[in-house]
Each structure stands twice: as structure tokens, then as C-alpha cells.
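Below: one structure, written as C-alpha cells.
Bear in mind that the values in this text are calculations on the coordinates, not laboratory data. Predicted, not measured: the structure shown is a model, and the values here were computed from it. Backbone-built Cβ (ideal geometry, glycine too); neighbour counts: all protein chains shown.
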Amino acid sequence: MNHNIESNNPKSLQSESASSSREINPRLQEQTESADSNPQSELLGRRIRRQSSEFVPFVNETVQSSNVPVSNGNFRSTYRRKKCLVVHDGTFKSFRQEKFTRQLEVTEHDSPSLAMLSCDRKFKDATNKVKPECILIHVGSKDIYINRRSSNILRDYKLLIDHLLEETEANICFSLPIPASNNRQFTEYAEKVNKEVEQLITSIRAESSSNRERLFSYKNDSVKEFNQATQEGFKLSGSGTLIMWRRLEDALRKTLRINRRPLTNRSNRRSSNNE
């Protein structure tokens, strides 16, 4: 369904909220205690692995062996953490450093909307300071929710992509807005805009081999059932938050072409110890 939803309320974009960058020093803990105590943890694990196929364009691509860490006599160089800048709205505000992998050194930057990110000086300062190898951006839900014109949203995406490709050497991944299970109008418009953003990214990737190596997108449509629109914004359930943390790690790994370490199942360890 083609929706041409327009906004005549520019004031909705003028609400200033402080953007902040905070340093994260992740530690390895692949299985969270919340997942262990949840009787549906095994089901969630299967869902997470299945949803990783939504990453574009790695569905039909293999990890290049030249990007897989190998021993070269320099331990620090080979196994150093990869620097990542994660730009997000409220989706990852409950992100907990002790639940994340130690392979990635993640710096977070908050931005409520794509419109505000495009003129956010602190974001540019954070990019220059961190010098990330990977930039993941998960914003845009508010822009869709307040019914900004899709042409304006795409313009902001295009300007941001051009800036990052030109001014940084990082690989770039756009994690697309999550549709909502309780708001049909928002979901239909979000799916329309997400499709147009994917088409934009595909066209930019086709312009050069360098763009193709650096620019990617990551769909989150299957997380819709865990996401609800509220008057304060969007709220993920506990299971949805866990899934999005795993999807964040998956997107960063694939953008950086890092092989995933085998997940350690605590129940399997316990059973093997009892044998």
C-alpha cells in the first residue's frame, strides 16, 4: 500500500534533546542471565539465528578469509577490539556493557531522530574522536511516527551516507526502524520507507566497489511483535530487548566481517559435566 503521508507540523522536529556520547568497555557474556531464567530462551535463540538472515547483503555472501583474524606473531594487533560507533534512539538505552562481546569496543551516541542527527555537531565530534572502523545507525522511527515526508527522510539518509563515505573510513550499517505491533498506520508507513531506504542503499552500493564494500543495511521487520508504539515513543518487551542486543552484535560483526564465536550453551555444559 502506497502512503503519501505528509507533516504540516514542523514544531515536532524542533524539540531539542541532549545528545550524549558514552564510552562502553564490553565484556564477554554471550548467554544473559535473563535468557537463562526465561523458559523461552531456547526459542529466542532459534529466532535470533533465523533473523540474522535479514542482514543485507550477507545473505548470499561468505566471510572473506582475509578478514578473519589469523596469527601473525603480533598478538595485540591480531586480537585487538574493533572500534564501533553505535548511533541510536531509545532502542538501545538499556544496553548493558557486561552483556556484550569483548571483541568490540563500542561507543554509543544518542540521537532522537534522523532529522536531528543530520545537524548534530556532537555526532560529528564523536566520529572524529573515536575514529571507528564501523558505524551502525539505528534512528528514524520518530521521523516516520510524526509523518515526515518520505522524500525528506530519504534526503537526510542520502546526505548522511554521502558524508560518512566521504569523511570517514568506517564501514557503515543502517539498522532500519522497527515496525510496531499495535499501530497499523505507522507500520505500513515504516515498511514503505524502509523499502525505499534499502533501494537507496542498493543504488549507492552499485556506484563503486568501495561503496559496495563499506555500506550495508539490516532489516528488523521480524521484531515487530515485540515492539509497541506509546505516547512516550516506542517500547520493546524484555524478549524484544534481548533480541535487539543480539541483532546489534550480529550487524556489527557482519559489517566488520568478523566470524561469530560459537555460542556456549550453559545447559549443554552442565549436561556434559554430569556425564
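Would you pull out the residues with amide H under 5 Å of residue 111's amide H, same chain only if 5 or more places away, H placed 1.01 Å from N?
Under 5 Å from the amide H of residue 111 lie the amide H atoms of 88, 89, each far enough along the sequence or on another chain.
How far is it, in nm, from the label point at residue 93 to the one at residue 195 when both lie 7 Å from their Cα along the line to the Cβ?
3.2
Calculate, in whole percent, how much of the Cα-Cα pair population of the range 138-212 lies beyond 18 Å. Numbers along the way, then the final one.
On the way: 1111 of 2775 pairs.
Taking all Cα-Cα pairs of the range 138-212, the fraction more than 18 Å apart is 40 percent.
What translational D, rounded to a whole number of µm²/s, comes out for the range 98-246 from Stokes-Einstein when the hydrodynamic radius is the Kirkwood one over Cα pairs, at 25 °C and 0.890 mPa s? Numbers along the way, then the final one.
Details: Rh = 16.2 Å.
Answer from the Stokes-Einstein relation: 151 µm²/s.
Restricting things to alpha carbons, find the Rg to Rh ratio for the range 188-229 using the Kirkwood radius for Rh.
Values: Rg = 13.0 Å, Rh = 11.7 Å.
Ratio value, two decimals: 1.11.
What is the packing order of peptides 207-214, 122-129, taking the mean over residues of other C-beta atoms within 10 Å and listing the highest first? Walk me through the numbers on the way to the answer.
Details: 207-214: 13.2, 122-129: 15.6.
Those peptides, ordered most packed to least, come out 122-129, 207-214.
So if each residue of separation counts as 0.36 nm, and I subtract the Cα-Cα distance between residue 211 and residue 162, what length gain in nm does that give?
Working: separation 49, 0.36 × 49 = 17.64 nm, distance 1.02 nm.
Between residue 211 and residue 162, full extension yields 16.6 nm more.
Would you kindly derive the ³J(HN,Hα) couplings of the range 199-206 from the backbone phi angles with the Karplus curve 6.51 cos²θ - 1.76 cosθ + 1.60 (θ = phi - 60°), listing them in order in whole Hz, with x for Gly and Pro?
Here the 3J(HN,Hα) series is 5, 4, 5, 4, 5, 5, 4, 6 Hz.
If amide H atoms are built 1.01 Å from N in the plane of the peptide, which residues on other chains or at least 5 residues away come under 5 Å of the amide H of residue 171?
134, 135
Relative to the present Cα-Cα distance, how much length would full extension add between residue 225 and residue 184 at 0.36 nm per residue of separation? All intermediate terms of the calculation are to be shown ahead of the outcome.
Working: separation 41, 0.36 × 41 = 14.76 nm, distance 1.21 nm.
Gain on stretching residue 225 to residue 184: 13.6 nm.
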